[in-house]
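In what follows, a single structure is set out as structure tokens and then discussed.
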Amino acid sequence: MTKTNYPALYTLITVFFFWGFIAAGNSIFIPFCKTYFSLDQFQSQLVDFAFYTAYYIGALLLFAFGALSGQDLVGKWGYKRSIVYGLLFSALGAGAMIVAVEANLYAGMLMGLFIVALGFSLQQTAANPFAILLGDPKTGASRVNLGGGINSFGTTIGPLVVALALFGTATSISDEQIKALELNKVIYLYVGVGILFIAAAALFFFSKKVPAGTTTEPMEKANKALVTLCVMTVLLVAMFMPVFNSYKSTEAIEMGQLTSQLDTYQKVDPLLTNENLIHTTELRLETVKTGLENYRMGWLLGALIVVVGGLIIAYALSRKSHEGWGAMQYPQLVLGMLAIFTYVGVEVAIGSNLGELLKLKEFGSMQSSDISPYVSMYWGSLMIGRWAGAISAFNLKGLIKKVALFVVPIIAFIIIIGVNSLSGKNMGPLYFYIVCVLIQIAAFYLSKDKPARTLMIFGSFGIVAMLVGLSASGIVAIYAFLAGGLACSIMWPAIFSLSLLGLGKYTSQGSAFLVMMILGGGIIPPIQGKLSDLIGIHQSYIVAVVCFVYLTLFAVIVKGLLKKQNIDVDAIEMEASH
């Protein structure tokens, strides 16, 4: 049995922390940017668009190089060097963020986040197989799950640290005060993050305990799949450009002028203002806004159709001839790509739109500076589920496993409460969230580590939670939306396991395709953001319902497909972790 290289493993899991820390911190950054830069909800969601689109572009570039050269670039460099390069690239992104913040330029900040995430894409491509390489392959899942647990810890404290950087130690800051804030603390934050990236890269590079991790396995040919993905990318650009350009259109300019006029009228003595003029201005503003927002929404839905339609067409063409399609010839993989797209999209969208939701009167009229405990609990909910999901990797049996499955989520919940309380946040309103955690524990007992069963149960849990959130208000609805994190927590390994079954020599390629579909985090949140501009932020959570419905259906459909391929789904346990 191969002995685990613990020094290398402990060095490796630092990068897992970075992924979670930055990704969850964006959920605080989004409502802050919306207020500070006077953005609409869609524009604020471009933080997610920049961050998660970079994962897709990075993975696509790596796949393109491999498909054209016949050699895996990460394998050629080695996992060690690939992670070093990824960390240095992310450090470059942190530098770009510093420059953008200094220039007070929102577009520059988005570019900085894009570069940071591009580095993350390279790190993530190398880190998961590297963790398996650092010991006995039979215990590889436990090492990947350890990384996932550290990643989730990063998602829990990320919102707290980013909130501290943005708002300081003040308990509450109004929107007017936010607009007057100086962003020097954000510069300090990214200086610190950049230094940590460079320090981690140096630790990897100079450590003699960390092996090179080079591989010489050839890449399976999939040129038709590559062409399809490139065409989809071009079409996605074509769909988003009209939306971006619409913010400089004559309609957008007129909207700004009409809004300014109404603001002026409100400041003037109502007795001196013509009521008919106010009414006419309001009607014109509503007409222009509705037309423009419907136009934008149409193009965004077009982007969604490009992804869904492109993958379905690719699979249909592969049925006629398997040659050149690689892993895309398998229906479980194509449906799984859509499932990962949907899962990452809904996971990010719930958290990223949460700040705006909590500003509503029926949700407590919170300021942007008040929301970090709730955002931390949402991302912490994923930690609760992932810690519980990691138990199966440690070969616990019988009563011990059942006890651990109950105790570990409770401990994770207490840690989230404790970390937030130590940072000075009032966690009193979230104490009874333990009820939702207990429901999740019951779902784990029912799931029995079977991926299809797990996804069906947790998908249904997500549907119910979102419907309760949509139909209720106040703390009940808040708990319901936060429970979306509990529902999402275990979905990544379930989807991965189901999607890769039966792929044989295309398993590695299929895994790369699935990672590309992290793209969902860059498309679904902006769609929900634009929908909220049309129908309101609370009602926009209908997007989450649709996503959970597909994830539940995916489990049912794929289970049937795999049985037709004579694959016993119930005999498979989950072996992957996000």
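Computed from the coordinates by the stated procedures, all read-outs in this text should not be read as laboratory data. If you're wondering where the values come from, they're calculated on a predicted model, not measured in any experiment. All Cβ positions, even for glycine, are placed from backbone atoms using ideal geometry, and neighbour counts span all protein chains on display.
Structural remarks
- Cα pair count fraction exceeding 13 Å, expressed as % - segment 418-476: 70
- Along principal axes, Cα extents of the chain, largest first, whole Å: 86, 54, 47
- One equal scatterer on each Cα of segment 361-408, no solvent, Debye formula: the resulting log10 I(q)/I(0) at q = 0.27 Å⁻¹ is -0.96.
- Calculated over segment 291-342: convex hull of Cα atoms, volume per residue (Å³): 67
- Between segment 487-542 and segment 47-99, the Cα center-to-center distance that results, in Å: 20
- Descending Cα extents along the principal axes, segment 503-545, whole Å: 47, 17, 9
- For segment 409-556, the spread of Cα positions along the three principal axes, ordered from largest to smallest, is 52, 41, 28 Å.
- The slack in the chain from Y295 to N566, taken as 0.36 nm per residue of separation less the alpha-carbon distance, amounts to 92.8 nm.
- Segment 180-296 has equivalent-ellipsoid semi-axes of 53, 29, 7 Å, by the square roots of 5 times the alpha carbon gyration tensor eigenvalues, sorted largest first.
- In a DSSP loop and with at most 16 other Cβ atoms within 10 Å, the trypsin sites (Lys or Arg not before Pro) in segment 404-470 are K448.
- Both numbers refer to the Cα atoms of segment 305-401; Rg and Dmax are 20.5, 57 Å.
- Volume per residue that the Cα convex hull of segment 473-578 spans, once the total is divided by residue count, Å³: 115
- Once the Cβ-Cβ distance of N184 and K402 is raised to the sixth power relative to R0 = 56 Å, the FRET efficiency obtained is 0.65.
- Scanning residues 5 or more positions from Q71 or on other chains, those with amide H under 5 Å from its amide H are M219, with H placed 1.01 Å from N in the peptide plane.
- Per-bin percent of Cα-Cα distances, segment 364-442 [10 Å]: 17, 47, 25, 9, 2
- Legend: residue pairs K450/K564; K209/K505; K448/K559; K76/K209, Cα-Cα distance threshold 23 Å; pairs beyond threshold, K209/K505.
- Here, segment 246-359 is characterised by an Rg to Rh ratio of 1.26, where Rg is the alpha-carbon radius of gyration and Rh the Kirkwood radius.
- Rg over Rh for segment 467-530 works out to 1.14, using Cα positions for both radii and the Kirkwood form for Rh.
- On a per residue basis, the convex hull of the C-alpha atoms belonging to segment 45-185 measures out at 129 Å³.
- Calculated FRET efficiency for the pair I439/N223, C-beta based, R₀ 51 Å, to 0.05: 0.60
- Computed over segment 53-95, Kirkwood Rh from alpha-carbon pairs, angstrom: 11.1
- Positive-pole candidate from S90, G168, P409, dipole of the chain, charges at beta carbon: P409
- Local net charge near V543, Cβ-Cβ under 15 Å (Lys/Arg +1, Asp/Glu -1): -3
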